[in-house]
Amino acid sequence: MLMKRGRTRRSAEMAVAMAAVLIGGSACGGDGQQADAGVAWEAPTSSAPQVSAPARLAEITSACKLLPAEVTVKVLGGSADTKLSAEEQPVDETEARRRYSCAYGRDGQEALSFIVQVNPDRADTARESIDAIANGSGAKTTRIEDLGTDAVTYESDGARVLAVVVPYEKELRLLLFTGPTIVPQSKLTELAQHVIPQI
């Protein structure tokens, strides 16, 4: 199931906005509606191959480079003809944070949104940032153990959201994965596990 661009981004940015009170970010919402383009994610026959962990990046410059489209399709377990493109969105930067976004989709419809937000001088606010997202979501949330420094997942407005925080030196790096609820939370966790060693 694919979602029109804006729908998943709206839920992801809503999650970022929940933390904005604490970390000084702001988010803009978008409009969109869920659409079914005939893509059904299937369980993969085997787990994703294990690779050596890359060195952590001193500076993040792109969301799509952290999570290429082919990795996304492999983890989500799409059928052999599932094709997704990864489209880097314009960088959203304020004095308080930098936000990089990647939209994964096909034929103008979005299947997944990935945001990585960098908050300078906020490395010590990991728990508080996830608390702000959880408390502001307006949804039933589930804390995810052993994922980044702290993580939470929830469903809202037909989308599943996973938020993960990872400090790096003085920065707090916030990851937001958003997709339709048909995508299992475990798959979003696998995507996060691919990104976390890099950041």
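The values are calculated or read from the model by the stated rules, or taken from the named source; none is laboratory data. Model, not experiment: these values are computed from the prediction. Neighbour counts run over all protein chains shown; Cβ positions are idealised from the backbone, glycine included. What goes into the accessible areas is simple: the full protein's heavy atoms, side chains included, and nothing from ligands, DNA or RNA. Shrake-Rupley method; radii C 1.70, N 1.55, O 1.52, S 1.80 Å.
Of everything in the range 90-111 that is crowded, with 16+ Cβ neighbours inside 10 Å and among the hydrophobic types (A, V, I, L, M, F, W, C), the residue that is farthest from Arg173 (Cα to Cα) is Ala111. Can you say whether Asp150 is open to solvent by less than 30 Å² (accessible area, probe 1.4 Å), in contact (Cβ under 8 Å) with a residue 24 or more places away in the chain and either farther than 20 Å from Ala103 by Cα or touching a His at 6+ places or on another chain (Cβ under 7 Å) (or both), as far as the supplied structure shows? In short, yes. Only one of the numbered conditions (1) modelled with pLDDT of 95 or more; (2) open to solvent by 10 Å² or more (accessible area, probe 1.4 Å) is not met by Ile60, and that is (2). Checked against (1) at positive phi; (2) modelled with pLDDT of 95 or more, Arg98 meets all criteria but (1). Within the range 75-89, the set of residues being buried (at least 18 other Cβ atoms within 10 Å of the Cβ) and either over 16 Å from Asp107 (Cβ atoms) or not aliphatic (A, V, I, L, M) (or both) comprises Val75, Leu76, Gly77, Gly78. Just one residue in the set Pro197, Pro167 is under 21 Å from Ala58 (Cα atoms), part of a strand (DSSP E or B) and open to solvent by 10 Å² or more (accessible area, probe 1.4 Å); that residue is Pro167. Mind checking which residues of the range 62-76 are in contact with an Asp or Glu (Cβ under 8 Å, 6 or more places away or on another chain) and assigned to a helix (DSSP H, G or I)? Listed by number, the list holds a single entry, Val75.
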